[in-house]
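Participant: Got a structure for you, questions after.
Values in this text are rule-based calculations from the coordinates and carry no lab data. Here the structure is a predicted model, which is why all the values come from computation and not from measurement. Don't worry about glycine lacking a Cβ; one is built from the backbone with ideal geometry, like all the others, and counts go over all protein chains shown.
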Amino acid sequence: MENKTLSLDEQFQKRIDNGENIEAKDWMPEKYRKTHIRQISQHAHSEVVGMLPEGNWISRAPSLRRKVALLAKVQDEAGHGLYLYSAAETLGITRDQLMEQLNSGRAKYSSIFNYPTVSWADMGAVGWLVDGAAIINQVMLTKTSYGPYARAMVRICKEESFHQRQGYEIMLSLCNGTEAQKAMAQDALNRWWWPSMMMFGPRDEDSPNTEQSMKWKIKKKTNDELRQQFVDQTVPQAEILGLTIPDKDLKWNDERGHYDFGILDWEEFWNVVKGNGLMNEKRLKDRNAAWDEGAWVREAAYTYASKQAEKRAKKTA
Amino acid sequence: MLQEKLYEYLLHLGDNSMILGQRLGELCGHGPELETDIALTNISLDLFGQVRNYFQAAAQIKGGDATEDTIAMLRYEHEYKNVYLVEQPNDDFAHVIVRQFFFDVYHQLLLNELIKSKNETLVAIAKKSIKEVDYHVDFSSTWVKRLGDGTEVSHEKMQTAVNTLWRYSMELFNATEVEQWAAESGVGPDLDALKPFYISRVEEVLHEATLTLPEETVFQYGAKTGRHSENMGYILVDFQYMQRAYPNMKW
């Protein structure tokens, strides 16, 4: 009897609480739809912008084997972008609109890609740390309430964990190599450590959306919990490599059963989010150039397809 | 002596795929849409996969410390045997597609002959590669038609690219001494005999794309024998950078 008096919002929440997936054609609160468009498209944009810092090293990869692996990795990122844009499109927005939001700077993407990749070791560090941090977020998303997003994440996670191992293996080769190679690896860790820690977002007390996101199962753990998980999992990996994590406050805390770590530079975090990182402008410029210079290609493909359809129609008429 | 010739012939085969793969690799993340980025990266991957097969075989012949990487990355510019066509820059998507198409049609004809080679290694590589290259031909031919017969703008851009790049096409069939040796000894095809098939296939697709070959063309020859264009040095600056800056290291 009680069920009858539940509002649409309450029924919706009940479905989520029962662990049901929400599908594209199901009723959903407008805020749920908008939040998902924002989050899925930010994720898609991150994959696509993320192709640029790694694409930067394809032409200079040090061996054929590494070049092939890097090409395959960047190709995977493009594929992830595709699934995610498709997932976002199920919520009633087009790819062109999404690209426009990215290119105009209105949509965000992961700030990590506004840092430069300046050495080959960065291909190792990005795979190991950046993909490592991304997986922690993404594994959680395989169980998120929105079906198309959750299913895309299952596939993405498989490939990401392969990328992370590949990145770690690049680091391992460098650390087993010459002094110059070890120095290159340490330098990359020094530059990527803190930005990777920032990938989990602001501290919990500065993250107002967390509560709603947890209710909708977009999130199952808070930013700070995920960050802790990343530190705990990464410190032993750095030890195997023989590299030093650039944090003088990093130490094991027996009582907590976790590593303690230093305070993140939140001023830098917000600066990069607001567009003032070293590469923000260049990344957007490159995306805009690709889109604008490709306009005639997309238009031609569309026109050709229409002409072909007309021809087929005439034949069958 | 025979092994030396075979080594040189492997370089001919590998260098074209390698330099074209390198050019395609530069584009990653900068294409007109995600689907074309994925496809062109995939073609680059296929080409580098083939290069690794050719150069692993070459390294075995050379012996000593030679590896696929020393062969790929530690030669001087004049020792690379790729044609002018593949070193042409990614001026715009039309040039990328036409360059790909002109190469793919040749590549498919070549591999279909290499399947019948007297050299077993080449047969094995060709059998594996031909499946990939059939797809490359399909991809580039489709795009030639789409853009040639798309809008006025795309048609014009494609015709410009055809006019610019056609002059580099016949070098593919201009056999060097080593390629002549390969043809005579049954290791590789008689390139001259492939030429009419090439021209007719190219014309067929261009016709459907409402494009035409330029009426008078002064063809360019020389890259195969080591006289490259100004592009090549810059390609190698990137391609060889790590091996030159950090010599004798494992990656």
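Participant: What residues from segment B:33-57 fall in the zone where the backbone N is under 11 Å from a label point 7 Å along the Cα-to-C-beta line of B:Arg75?
Facilitator: Under cut-off, by backbone N: B:55.
Participant: Can you compute the modelled spin-label distance between B:Thr164 and B:Tyr221, with each label point 7 Å from Cα toward Cβ, in nm?
Facilitator: Output for this residue pair reads 2.5 nm.
Participant: How much length, in nm to one decimal, is gained on full extension between A:Asp254 and A:Phe162, taken as 0.36 nm per residue of separation minus their Cα-Cα distance?
Facilitator: So the chain would gain 29.9 nm between A:Asp254 and A:Phe162.
Participant: I've got another one for you. Go ahead and set up a Gaussian network model of chain A, Cα springs under 10 Å, then flag whichever of A:Ala150, A:Ala295, A:Ala183 fluctuates most.
Facilitator: Maximum among the listed residues: A:Ala295.
Participant: Given the options A:Gln11, A:Gln39, A:Gln237, which has the most mean-square fluctuation in a GNM of chain A, springs set between C-alpha atoms less than 10 angstrom apart?
Facilitator: A:Gln11
Participant: From Cα pairs below 8 angstrom and at least 6 apart in sequence, can you work out the relative contact order of chain A, rounded to a whole percent?
Facilitator: Relative contact order for chain A comes out at 18 percent.
Participant: Further, regarding this structure: Which of A:Glu299, A:Glu281, A:Glu100 moves the most in a Gaussian network model of chain A with Cα springs under 10 Å?
Facilitator: A:Glu299
Participant: Pull up the cross-link candidates among the lysines for B:Lys116, meaning alpha carbon to alpha carbon under 16 Å and not fewer than 8 places away within one chain.
Facilitator: Output for B:Lys116: B:Lys127, B:Lys128, B:Lys131.
Participant: Ignoring everything except DSSP H segments at least 4 long, calculate the 222 nm mean residue ellipticity for the protein assembly as shown; use -39,500 (n - 2.57) per segment, divide by total residues, nearest 500.
Facilitator: Estimated from H runs of four or more residues: -22000 deg cm²/dmol.
Participant: Using just the C-alpha positions of segment B:2-245 as equal point scatterers, what log10 of I(q)/I(0) does the Debye formula give at each q in 0.08, 0.10 1/Å?
Facilitator: Scattering profile of segment B:2-245, log10 relative to I(0): -0.28, -0.45.
Participant: How many angstrom lie between the C-alpha centres of segment A:174-195 and segment B:7-60?
Facilitator: 29 Å
Participant: Oh, and also: Between segment B:142-178 and segment B:83-125, what's the alpha-carbon centroid distance in Å?
Facilitator: 14 Å
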